[in-house]
Amino acid sequence: MSSSLTVRRIAADQGPTLRELRTAALREAPYAFGQTLEEALHEQTETFEAIAARHAGSDISTSFILYTEGYPAGLIGAYFDDGHKAFVCALWVAPAVRHLRGGELLVNTASEWLAERGADEIHAWVTDINRNAMRFYERLGFGPTGDHARMPRQPEAWETLLVRHVKR
């Protein structure tokens, strides 16, 4: 039986769903994000509610949620930095549904949202030790920019900036 995957932009009232997906991501891949599970668990519920509300209505920063059979199963962020450079970030898909290509669906949906707002390139910082993520992004057409930096909250870890050009 095949599972049905859908991606929807986060709604203003989805703070609890955002928290659930973020903590699941940090439990499963603590090395891959710029936050620890402990930090996320100590965040106030209101913090996630405020992020969801802001991402539901913003034209510069948002989140998309992957659903399988109606249940939340993945998450990605999309934003423009102060220099108007477009990024996808914090991609996570539940291991049980990774084979269904939900990650690809999330990246493409977030990239389309950024392109609709003028992005010519989509960037992604990927933790160097996460070889699976690096190969995943490369399969989607991302390549290295040459930028390499220490992770802000994990100075012992490094990340590489990738870029993909928007096809118009």
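Points worth noting:
- Amide N of region 62-78 lying under 15 Å from the label point, which is placed 7 angstrom from the Cα of Glu20 along Cα→Cβ: 65-75
- When the Gaussian network model of the chain links Cα atoms closer than 10 Å, the mean-square fluctuations of Leu100, Leu66, Leu21 top out at Leu100.
- 14 Å tail of the calculated P(r), region 29-72, as % of Cα pairs: 66
- A simple charge model with +1 on the Cβ of Lys and Arg, -1 on the Cβ of Asp and Glu and nothing else charged puts the dipole of the chain at about 520 debye relative to its Cα centre.
- Rounded to the nearest 500, the helix-only mean residue ellipticity at 222 nm of the chain stands at -10500 deg cm²/dmol, with each DSSP H run of n ≥ 4 adding -39,500 (n - 2.57).
- Separation of the His42 and Ser58 label points, Cα + 7 Å toward Cβ, nm: 2.3
- Span from the region 131-168 Cα centroid across to the region 37-64 one, whole angstrom: 23
- Of all the options Val97, Val88, Val107, the one that moves most in a Gaussian network model of the chain with Cα springs shorter than 10 angstrom is Val97.
- Positive end of the dipole of the chain (Cβ unit charges, origin at the Cα centre): among Thr36, Ala96, Gly74, the Cα lying farthest that way belongs to Ala96.
- Evaluated at q = 0.12, 0.19 Å⁻¹: base-10 log I(q)/I(0), Debye formula over Cα of the chain: -0.51, -1.40
Since every read-out is calculated from the coordinates, none of them should be taken as a lab result. On a predicted model such as this, the values are computed, not experimentally measured, just so you know. Please note: Cβ atoms are built from the backbone with ideal geometry, for glycine as well, and neighbour counts cover all protein chains shown.
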